[in-house]
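See below for the structure under consideration.
The values are calculated or read from the model by the stated rules, or taken from the named source; none is laboratory data. Just so you know, these numbers come straight off a predicted model, no measurement behind them. Every residue, glycine among them, receives a Cβ derived from its backbone with ideal geometry; neighbour counts consider all protein chains shown. The area values use the complete protein model at the heavy-atom level, side chains included, leaving out ligands, DNA and RNA. Shrake-Rupley method; radii C 1.70, N 1.55, O 1.52, S 1.80 Å.
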Amino acid sequence: DVWALGVVLYFMVASGRYPHDGANTTKHILGNKIRPLPEGVDPDARDLIHKILQMNPSRRPTVSDILSHPFLADMNEGEELSGDDFGSAQMSGDFSGSW
């Protein structure tokens, strides 16, 4: 979901830190308290993360809004993304048996 995407994006730009304090995660989520992002994080990334991590789900952007946000729009300007853009995984082994 969009919230989880925000947590992952935060983690990626914050050098492996989460947006909420581990000892008080639930309290911080319910209080909409997000750990400040480190200095030097792209302003567009900050804006997108702030929008995605809105406590009220109806205030969060849609996936289309996220893809058109300036932080991501420059990455795929003029291109449509498809599943092929993410590579293909080749599975090996015999997975036809029963579990």
Condition met for Lys27 (basic (Lys, Arg), at pLDDT below 90 and either exposed (fewer than 12 other Cβ atoms within 10 Å of the Cβ) or closer than 19 Å to Asp1 by Cα (or both)): yes
Within region 68-75, identify whether any single residue is in a loop (DSSP other than H, G, I, E, B) and either open to solvent by less than 70 Å² (accessible area, probe 1.4 Å) or at pLDDT below 80 (or both), and answer yes or no. yes
Mind listing just one residue for me: the one in region 43-55 that is open to solvent by less than 70 Å² (accessible area, probe 1.4 Å) and not aliphatic (A, V, I, L, M) and, of those, nearest to Val2 (Cα to Cα)? Gln54
Which count do you get for residues in region 1-32 that are within 9 Å of the chain's Cα centre (by Cα) and hydrophobic (A, V, I, L, M, F, W, C)? 9
